[in-house]
Amino acid sequence: MNSSLISISLPPRYSSFLPRFSKLATVSILSNMMVPLAGIFDTAFLGHLADIRHLAGVILASILFDYLYRILKFFRNSTNALTAQASGKENHQEILLAVLRSGLVAIAIALGILILQYPIQKFGFAILSGSPEIESFGIDYYNARIWGAPAVLLNFVLIGWFLGREMNSWVLAISLVGNGSNVIMDYIMINRWGWESMGAGLATCLSQYLALLVALVGVCLSIQWKELPAACKEVFDREALKSTVVLKGNILTRYVAMITAYSIFTNLSAAMGTEFIAKNGIILQIVLLSQFTVNGIGLTTQTLIGNFRGKGQAEQMMPLLSVSIFSSLMIASLFAAVSIFFPETVFGLLTNHTSVSQSAGEYTIWLLPLLTCGASAFMLEGYVIGLKESTKLRNSALFSLVFGFIPAAAAAWYFQSNHLLWLSLTLYMATLVVSLGIQVPDIQHNQNLKLQTEVSK
């Protein structure tokens, strides 16, 4: 993107950050897209097996990993927010402390997951809805993938840290190695060795450790080792730890609320029958691909908002939010349009079971409102997290789950309606947009006052 052209065509408050925004967003989008793309390859490899129950089992088991891993992405977001503000202030010790404190908590939680893996498996599959055959394939996938927990959580922390420092190349390298190796090992373990569900889980597990290796190399090459001893002495500072835990806890609640909605959706799909979970599962792959893509812009928004806050540049915040919402809406609309107008082509890539791919097209109409509302919600979340206003994020997420999603999901179950089930997800996202959006003017006003107070001191 040519910065001279930007400065001519746009006001300075936009042109001053757009080249930086474009560069960081491009890398974040590419790295984020690789996560669902790897999942799509899982789906495609399993969806072309003769027995569709392998695909259904992995989709069912993925509900557990949605809780175990996707909700723990709060490590990435919170580490990003802490690092971005520290970078804006050029506080090198706080930059180191952001990764050290988050890394210690991540390791502790990962070890807890490994210790409790059997109770988690028994409890999880006890409350999920699926036939015994589907569950057995899902357990094979779970037992292999669960051993990647330490690598997954540390990768969240380190990616958030690299994003907060705008070290784009390392973020892209981690994603390329992790997700690229996952696809290669999927092919070998599923297609060549015939390990099916277990192979999909093991491929994902091993790929995370390869990604972690790349991330650790990046850390070793980028830190100032002479500053490490002083930072280590401050790791357990009580007030700082309390502030960090509160921020992470509120962002965690957001992830729990969102993944709860998606998990209930998937579980109700499974209860309606194997064909419903299969076709809803392949549509969800498109949803996730779109959402992970636009969330790359959301992460960029979060990073730059935090950086602007650290530097005291409040005038840049609202222009940045406007640009990020517009960009994300364009991307989400493109994903929806391709799926709506070419459903058999899109879903035919994911499965050769024509009854599943053809019937899935009936529900693609929901993609436009779902994806566009989701895109707007993620940008607003990036704004709120970047300013560390996590309490407002937590409250909005819980409100959207209880009043947006649950009533429609209950109706979908009562009437056994898949259209109502897709409506429930759409209402969750729409409620989140409204709940966060109406708070933005007050948040921005309060930030302006805080910055004026800080300057006057």
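What follows is calculated from the coordinates using simple rules that are stated; it is not laboratory data. Please read all numbers here as calculations on a predicted model, not as lab measurements. Because the Cβ atoms are built from the backbone with ideal geometry, glycine has one as well, and the counts that use them run over all protein chains shown.
Odds and ends about this structure:
- Sum of side-chain charges, residue 395 neighbourhood, beta-carbon under 11 Å (Lys, Arg +1; Asp, Glu -1): +2
- Sites excluded, chymotrypsin sites (Phe, Trp or Tyr not before Pro) in DSSP loops with at most 16 other C-beta within 10 Å, longest stretch of the chain: 237-457
- Exceedance of the 19 Å cut-off in Cα-Cα distance is limited, within the set 89/450; 226/248; 242/388; 392/450, to 226/248.
- Per-residue extension of 0.36 nm, minus the Cα-Cα distance of residue 340 and residue 416, leaves a gain of 25.0 nm for this segment.
- Debye equation applied to the C-alpha atoms of the stretch 229-379, log10 I(q)/I(0) at 0.16, 0.18 Å⁻¹: -0.96, -1.09
- Among 28, 327, sorting on how many other beta-carbon atoms sit within 10 Å of each Cβ, with the fewest leading, yields 327, 28.
- For the stretch 3-456, relative contact order (Cα pairs under 8 Å, six or more residues apart, normalised by length) works out to 23 percent.
- Förster radius 35 Å - calculated FRET efficiency between residue 213 and residue 243 (Cβ-Cβ, nearest 0.05): 0.65
- Taking only the C-alpha atoms of the stretch 145-273, the Rg (one decimal) and the largest Cα-Cα distance, Dmax (whole number), read 18.6, 59 Å.
- Protection-proxy order for peptides 172-183, 294-305, each taking the mean of Cβ atoms within 10 Å per residue, highest first: 294-305, 172-183
- Our estimate of slack between residue 446 and residue 222, defined as 0.36 nm per intervening residue step minus the Cα-Cα distance, is 77.1 nm.
- Relative contact order %, the stretch 92-198, counting alpha carbon pairs below 8 Å whose residues are six or more apart: 36 percent
- Cross-link partners of residue 279 among aspartates and glutamates (Cα-Cα below 20 Å; sequence separation of 8 or more within a chain): 42, 51, 66, 133, 135, 196, 344, 362
- Bridgeable aspartates and glutamates around residue 311 (alpha carbons under 12 Å apart, same-chain partners fewer than 8 residues away excluded): 90, 454.
- Overall, the chain carries a charge dipole of about 1200 debye about its Cα centre when +1 sits on the Cβ of Lys and Arg and -1 on the Cβ of Asp and Glu, all other atoms neutral.
- Theoretical gain in end-to-end length, residue 453 to residue 230 [0.36 nm per residue, Cα-Cα removed]: 77.3 nm
- Cα-Cα separations in the chain greater than 27 Å, expressed as whole percent: 53 percent
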